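As structure tokens, the structure follows; a few thoughts come after it.
The values are calculated or read from the model by the stated rules, or taken from the named source; none is laboratory data. Not measured: the values here are computed from a predicted model. Ideal geometry is used to build each Cβ from the backbone, glycine not excepted, and the neighbour counts take in all protein chains shown. Side chains included, ligands, DNA and RNA excluded: accessible areas come from the protein's heavy atoms. Shrake-Rupley method; radii C 1.70, N 1.55, O 1.52, S 1.80 Å.
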Amino acid sequence: MHTDLKSNQFVSTIISMLHQMNLPVLAEGVETGEQNAFLDLNHCDIIQGYLYGRPMRMKEVDTLLRKGSPETGHGQ
């Protein structure tokens, strides 16, 4: 995605088609702000990938959820 015009048109078409079918759109593997902006502009519903965080082991996820992230202060 975001390598050429045809790729962008393809992704936009898929997003539009899924929305017309009342299905949510999930984009995986988003690594750059440019990709994120493109998906946001095209109303992608859920975006995940290295841009938001690296994969974690279950123990790390558990710790994060219990303590909260330093940025938000959420958690117990």
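Could you compute the net charge surrounding V61? Neighbours are other residues with a C-beta less than 14 Å from the C-beta of V61; K and R count +1, D and E count -1.
Net local charge, V61 excluded: +3.
Considering only protein heavy atoms and a probe of 1.4 Å, how much of the accessible area of the chain is carbon and sulfur, as a whole percent?
About 56 percent, which is the carbon plus sulfur part of the accessible surface.
Given springs between every Cα pair under 10 Å in a Gaussian network model of the chain, which of Q35, Q20, Q48 has the largest fluctuation?
Comparing Q35, Q20, Q48 in a Gaussian network model of the chain, the most mobile one is Q20.
Sorted by accessible area with a 1.4 angstrom probe, largest first, how do E60, E34 fall?
On the way: E60 95, E34 115 Å².
From most exposed to least exposed: E34, E60.
Please compute the length gained on full extension between E60 and S16, using 0.36 nm multiplied by the number of residues separating them and subtracting their Cα-Cα distance. Working shown, then result.
On the way: separation 44, 0.36 × 44 = 15.84 nm, distance 3.60 nm.
Computed gain between E60 and S16 is 12.2 nm.
Please calculate how many Å² of accessible area the chain carries per residue, with a 1.4 Å probe and no DNA, RNA or ligand atoms counted. Could the numbers behind the result be given before it?
Working: 6200 Å² over 76 residues.
Dividing the accessible area of the chain by its residue count gives 82 Å².
Give, as a single signed number, the net charge of other residues whose beta carbon lies under 12 Å from the beta carbon of L51, with Lys and Arg counted +1 and Asp and Glu -1. Write down the numbers at each step before the final one.
Numbers: positive: R54; negative: E28, E31, E34, D40.
Once all neighbours under 12 Å are counted, the net charge is -3.
Starting from the amide H of I47, placed 1.01 Å from N in the peptide plane, find each other amide H under 5 Å away whose residue is 5 or more places distant or on another chain.
A27
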